[in-house]
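Read through the structure below, which is laid out as structure tokens, and then see the notes.
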Amino acid sequence: MADVLFPKLSEEDPTAEGVLATWFVSDGDQVASGQLLGEVMVEKVSGEVVAPAAGHVRLLVAEEQTARQGDVIARVD
């Protein structure tokens, strides 16, 4: 199992909250390592979320939900 983390986009406040803008995959989808999974935003800066490993993705944070940078937002089993 591999954790998918909310990327750190703000160097000024590494624990700042952001929004999960969109998922490009659905819960349970098979994904490849390095595959683009979604997009997040922190203070008007967007970033990509990629799969750290291959497997089935389990989404833990819904679109438009807030999370802190570094939080686990999905898992790949």
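The values are calculated or read from the model by the stated rules, or taken from the named source; none is laboratory data. What you see is a predicted model; the values in this text were computed from it and never measured. Reconstructed Cβ throughout: ideal geometry from the backbone, glycine too, with neighbour counts over all protein chains shown.
Return the residues of segment 22-32 that are hydrophobic (A, V, I, L, M, F, W, C) and outside any strand (DSSP E or B); say none if nothing qualifies.
F24, V25, A32
Please work out which residue is nearest to L9 (Cα to Cα), limiting yourself to segment 68-77 and to residues that are among the hydrophobic types (A, V, I, L, M, F, W, C), touching a Phe, Trp or Tyr at 6+ places or on another chain (Cβ under 9 Å) and crowded, with 17+ Cβ neighbours inside 10 Å.
Step by step, filter segment 68-77, then rank; the result is I73.
For every residue, the table says whether it meets (1) within 13 Å of the chain's Cα centre (by Cα); (2) under 14 Å from T66 (Cα atoms); (3) modelled with pLDDT of 95 or more; (4) basic (K, R).
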| site | (1), (2), (3), (4) |
| --- | --- |
| M1 | no, no, no, no |
| L5 | yes, yes, yes, no |
| A21 | yes, yes, yes, no |
| D29 | no, no, yes, no |
| S46 | yes, yes, no, no |
| P52 | yes, no, yes, no |
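Where residues in segment 11-28 are of a type in the set (G, A, S) and surrounded by fewer than 12 Cβ atoms within 10 Å (Cβ to Cβ), which of them is farthest from V76 (Cα to Cα)?
Top of the filtered list is S26.
Name the pairs: first residue in segment 40-67 and farther than 11 Å from F6 by Cβ and surrounded by fewer than 12 Cβ atoms within 10 Å (Cβ to Cβ), second residue modelled with pLDDT of 95 or more and among the charged types (D, E, K, R), Cβ to Cβ under 9 Å, at least 6 apart or on different chains?
The qualifying pairs are E48/E39.
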